[in-house]
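The values are calculated or read from the model by the stated rules, or taken from the named source; none is laboratory data. Since this is a predicted model, take the numbers as computed values, not measurements. Every residue, glycine among them, receives a Cβ derived from its backbone with ideal geometry; neighbour counts consider all protein chains shown. The accessibility values were calculated without ligands, DNA or RNA, using every heavy atom of the protein model including side chains. Shrake-Rupley method; radii C 1.70, N 1.55, O 1.52, S 1.80 Å.
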Amino acid sequence: MPQSAWTDKRERQYDHIKSNLKRRGRSEDAAERIAAATVNQTRTAKGETKEAKPPSERARARRDMSAAGRKGAKARRSR
């Protein structure tokens, strides 16, 4: 499912996310879908998309990405 607009780095990111999801028990289709969505959200947050996104959309993508990291940190701390 890697797209031609992705860089080699984003292809590696996609493969890494997909393999981790499959190892955690997700189906092949679900792992591909989640990995592609994650890579595309990261590209939007970093301003790597072909069409320029409005600053508000890039900011929202950055907030979403950083919030995901904080949720994981909270879950690990509470154990």
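If you go through segment 1-32 and keep only what is open to solvent by 20 Å² or more (accessible area, probe 1.4 Å), assigned to a helix (DSSP H, G or I) and touching a residue at least 24 places away in the same chain (Cβ under 8 Å), you end up with Q13, E32.
Output the residues belonging to segment 33-61 that are open to solvent by less than 40 Å² (accessible area, probe 1.4 Å), out of contact with any helix residue (DSSP H, G or I) (no Cβ under 6 Å at 6 or more places or on another chain) and within 18 Å of Q3 (Cβ to Cβ). Those that are open to solvent by less than 40 Å² (accessible area, probe 1.4 Å), out of contact with any helix residue (DSSP H, G or I) (no Cβ under 6 Å at 6 or more places or on another chain) and within 18 Å of Q3 (Cβ to Cβ): A36, T42, R43.
Out of the residues in segment 33-62 that are hydrophobic (A, V, I, L, M, F, W, C) and in a helix (DSSP H, G or I), state the one that is farthest from the chain's Cα centre (by Cα). If we take residues in segment 33-62 being hydrophobic (A, V, I, L, M, F, W, C) and in a helix (DSSP H, G or I), then A59 is farthest from the chain's Cα centre (by Cα).
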